[in-house]
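Each reported figure results from applying straightforward, stated rules to the coordinates on display, with no laboratory input. Treat the numbers as computed from the prediction; the structure is a model and nothing was measured. Cβ atoms come from the backbone with ideal geometry, glycine included; neighbour counts cover every protein chain shown.
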DNA sequence: TTCATTTTTTATCATTTGTTAAATTTTTTC
DNA sequence: GAAAAAATTTAACAAATGATAAAAAATGAA
């Protein structure tokens, strides 16, 4: 996926602003299994996914996956990005990935200088906010089985690309529960 | 709570930009029980809470409260604000409220014209996003009892101001479950 | 391919949360 | 302040999900 397509999908930018952003982007690739961002660390880059799949997870006694990112999506340590504080999540590559890397520091300078880029950043946060809020509501309304069916409907490709343990974690249930649910649906 | 304090708490604005925002704000009051924003409707205003308490809820077969807003917080129909589409939530006043009203249309013009205000809007969305993401993670890590204790710790005043049925809904459990949890904690 | 490792499923039992109904307490209204 | 209404708690049982262990299936390495 092309960098200009990714940027414009978030918010359509005037050519000049989009180029200003693109000029700060470098391409980089990592293999499956690589840890791109680490929890409890102030991260200084964000990434846009050109190709591949990643997951965000929090690791306390057990490990909880709470986000998947694929082509066109933005990978960042939310607390680092917003508050310049150590983040709660780690990002692991679930497939070999090609990424566009962008230094948070440079992005923040652009936010101050260019109203279009500031609005691009605003739209990015707003869209993520809606997605997160909808998931929170879905979690409160629906049982595990309904959430699984919803995920199958909205993101069927994830079922092909992600192992079920991570899917279960994302749905907020154990892998054993997910197996049971899948068996009941047959 | 003063409008300039509320605005600056989200993101410190230069005097001129802050005044541009303030000039678009009008004060308005509604009594407890009033429905400020309605689900399935494109809402054209957002509100900043000067005084009082509100809840956001989704109403399908049962009613789920997923957000409380108090002094200094921003009330909006997220889908209306971001996508100009009918929102999923209604907002009910849990106390008599004094509000600052701001037309979304005017705010969006300011976003295009003033880079500081655009960054104010960006920061607002980013901060809400972190709060929402932390709640989603909390819901996946913690059981009902732990979430109740967390709420008591982080927002003890809510327990005084909100009836337990709404708290239970916010925690994602039934009122009966919450009563049981409270009894066990004694 | 074959063996080892990892992932997924199945089974059993324990725990948590939901449902319904009734009792109790608190709040509101007259 | 008394009666009515609303909110909260308690109780008993049902349903959903978790925990643990073992079996089966899929994947990866030699």
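Say a label goes 7 Å from Cα toward Cβ at residue A:5 in every copy; what distances in nm does this one have to the rest, shortest first? In nanometres, ordered from closest: 5.1. When peptides A:36-49, B:45-58, A:9-22 are ranked by their average number of other Cβ atoms within 10 Å per residue, the highest-first order is B:45-58, A:36-49, A:9-22.
Seen through its C-alpha gyration tensor, with square-root eigenvalues sorted a ≥ b ≥ c, region B:83-186 comes out prolate because a/c lies at 1.5 or above while a/b is bigger than b/c.
Cβ crowding within 10 Å, taken as a proxy for footprinting-reagent exposure, orders A:88, A:170 from fewest neighbours to most as A:88, A:170. For chain B, the relative contact order is 25 percent, taking Cα pairs closer than 8 Å that sit 6 or more residues apart in sequence and dividing their mean separation by the residue count. Averaged over the residues of peptide B:135-147, the number of Cβ atoms from other protein chains lying within 10 Å of each residue's Cβ is 4. Taking 1.567 mPa s as the viscosity and 4 °C as the temperature, the Stokes-Einstein diffusion coefficient of region A:1-96 based on its alpha-carbon Kirkwood radius rounds to 92 µm²/s. Summary value for region B:92-186: 17 percent relative contact order, contacts being C-alpha pairs under 8 angstrom separated by 6+ residues. Shortest first, residue A:131 label-point distances to identical copies amount to 2.2 nm, with the label point at 7 Å from Cα along Cα→Cβ.
Cα gyration tensor of the protein assembly as shown, axes a ≥ b ≥ c as square roots of the eigenvalues: rounded (a/c below 1.5), prolate (a/b > b/c) or oblate? Oblate. Would you look at the GNM of chain B, springs on alpha carbons closer than 10 Å, and say which of B:116, B:166, B:155 moves the most? Evaluated over chain B, the most mobile residue of the options is B:155. With a ≥ b ≥ c the root eigenvalues of the C-alpha gyration tensor of chain A, is it rounded (a/c under 1.5), prolate (a/b larger than b/c) or oblate? Cα axes put chain A in the prolate bin. Looking only at A:138, A:90, A:169, which one moves most when chain A is put into a Gaussian network model with springs between Cα atoms under 10 Å? Judging by the Gaussian network model, the answer is A:138. Among B:179, B:80, A:77, sorting on how many other beta-carbon atoms sit within 10 Å of each Cβ, with the fewest leading, yields B:179, B:80, A:77.
Each copy carries residue A:30; placing its label point 7 Å along the C-beta direction from Cα gives inter-copy distances of 4.6 nm, listed from smallest up.
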